[in-house]
Amino acid sequence: GMVVVDESGHSHSVQQLKDGRFAFVARGVPALGSARYTIKKGRIKQGADLKASVHQLSNAFYDLTVDATTGNIIQLIRKNDGQNLASGDGLNAYVYTGSNAENPRSNGVPHIRMGEEGPCVVSLVIESEAPGCQKLTREIRLYAGIDQVEIINTLDKQRVYEKENVRFAFPFNVQEPQ
């Protein structure tokens, strides 16, 4: 195995991603700042921060569930207060319409598989047919110790010569938004 050692001598987990690149979580680096890390051989005892299954992801901040029939995020539970931040048909819902937002259509039944599985990042990859596209791919990622959800939407668009709208809907369940 490998670890990354920071300037203070602290070791951090390293994960080889499915595309062959390596990832680690660099904490405390200021915006536009820099830090030096060294890659060394070694192992770190893994914490239980990240968990993943075919429809669910979890880290220290969120429990996330993807709907098997739509691929939308139907539960995004914030662990500090137990609130589900997802509402309606779920977060990251694909919506395809004509020029005046008439006749909204969504994606087909998704194929959901595990993406990244490691000590630094876990992800789900959701692939489906979608109106206006050859293929719609949505990847949802959670990172160890980071209070954010990363969403990567990739559309392999068809050539469409009529006016069209493609949107991703995020109906959040937020009480007294600021």
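The values are calculated or read from the model by the stated rules, or taken from the named source; none is laboratory data. Because the structure is predicted, anything quoted here is derived from the model rather than measured. Glycine also receives a Cβ, built like all others from the backbone with ideal geometry; neighbour counts cover every protein chain displayed. What goes into the accessible areas is simple: the full protein's heavy atoms, side chains included, and nothing from ligands, DNA or RNA. Shrake-Rupley method; radii C 1.70, N 1.55, O 1.52, S 1.80 Å.
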*Can you send over the carbon and sulfur percentage of the accessible area for the chain, probe radius 1.4 Å, protein chains only?*
48
_Relative contact order for the chain: what percent, with Cα pairs under 8 Å and sequence separation of 6 or more?_
19
*Label ALA35 and ARG113 with points 7 Å out from Cα along Cα→Cβ: what is the distance between them in nm?*
3.3
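Report the net charge of residues surrounding ALA35, where surrounding means a beta-carbon distance below 10 angstrom and charges are Lys +1, Arg +1, Asp -1, Glu -1.
Details: positive: ARG27, ARG36; negative: ASP6, GLU7.
So the environment of ALA35 carries a net charge of 0.
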_Between PHE172 and PHE22, what is the label-point separation in nm under the 7 Å Cα-to-beta-carbon projection?_
3.6
*What residue among THR97, THR137, THR38 shows peak mean-square fluctuation when the chain is described by a Gaussian network model with Cα springs under 10 Å?*
THR38
*Which of GLN15, GLN158, GLN75 moves most in a GNM of the chain, Cα contacts under 10 Å?*
GLN158
*Enter the accessible area per residue of the chain (Å², integer; probe 1.4 Å; all protein chains in place).*
61
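How much net charge surrounds ARG78 when only other residues with a Cβ under 11 Å from its Cβ are counted (Lys, Arg +1; Asp, Glu -1)? Before the final figure, lay out the partial values.
Working: positive: LYS79; negative: ASP63, ASP81, ASP147.
For residues surrounding ARG78, the net value is -2.
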